1. Please give, to one decimal in nm, the separation of the simple spin-label points placed at residue 26 and residue 59, each 7 Å out from Cα toward the Cβ.
2. Provide the gained length on full extension for the span residue 34 to residue 69, in nm with one decimal, where the gain is 0.36 nm per separating residue minus the Cα-Cα distance.
3. Sorting check: for 65-71, 39-45, 17-23, which peptide has the highest mean count of neighbouring beta carbons within 10 Å, and how do the rest follow?
4. Roughly how many debye, to the nearest 20, is the charge dipole of segment 14-90 about its Cα centre, given +1 on each Lys and Arg Cβ, -1 on each Asp and Glu Cβ, and no other charges?
Amino acid sequence: MFFGFSIFSVDATPMGILGFSMIGIWSLYCLATALPRLAVNVRRLHDTGRSGLFYFIVFIPVIGPILLLIWLVTEGHASENRWGKDPKVLFSDSGHILSNNQNY
């Protein structure tokens, strides 16, 4: 306790209970979406021709998240890379999915 306030206490007022429950809901949301977010980022890195391990550059303070953001927003390779074909090529101009046996 510091000056009569406890850092870890939840007061009985509605805002205190609401704030505490919102933290719990947000934590559950973050846990539930962690694996799908990682999968989407790895897939996007593959689209740009990089390994999924480049995702862990985010742990380098300041420059890591900025560099990852730049990689995630850059245009992917228009040709096939070692992880497969360009996902944009799978769609025709009309928006229908082309079959896998057609030549691209």
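Throughout, read-outs are computed from the coordinates displayed, never taken from laboratory work. Computed from a predicted model, the values in this text were never measured in an experiment. Note that we place each Cβ from the backbone using ideal geometry, even for glycine, and neighbour counts take in every protein chain shown.
1. With each label point 7 Å from Cα toward Cβ, the separation is 2.4 nm.
2. Numbers: separation 35, 0.36 × 35 = 12.60 nm, distance 1.71 nm.
Full extension of this stretch gives 10.9 nm more.
3. 39-45, 65-71, 17-23
4. Numbers: 7 positive and 4 negative charges, 22 e Å.
Its charge dipole is roughly 100 debye.
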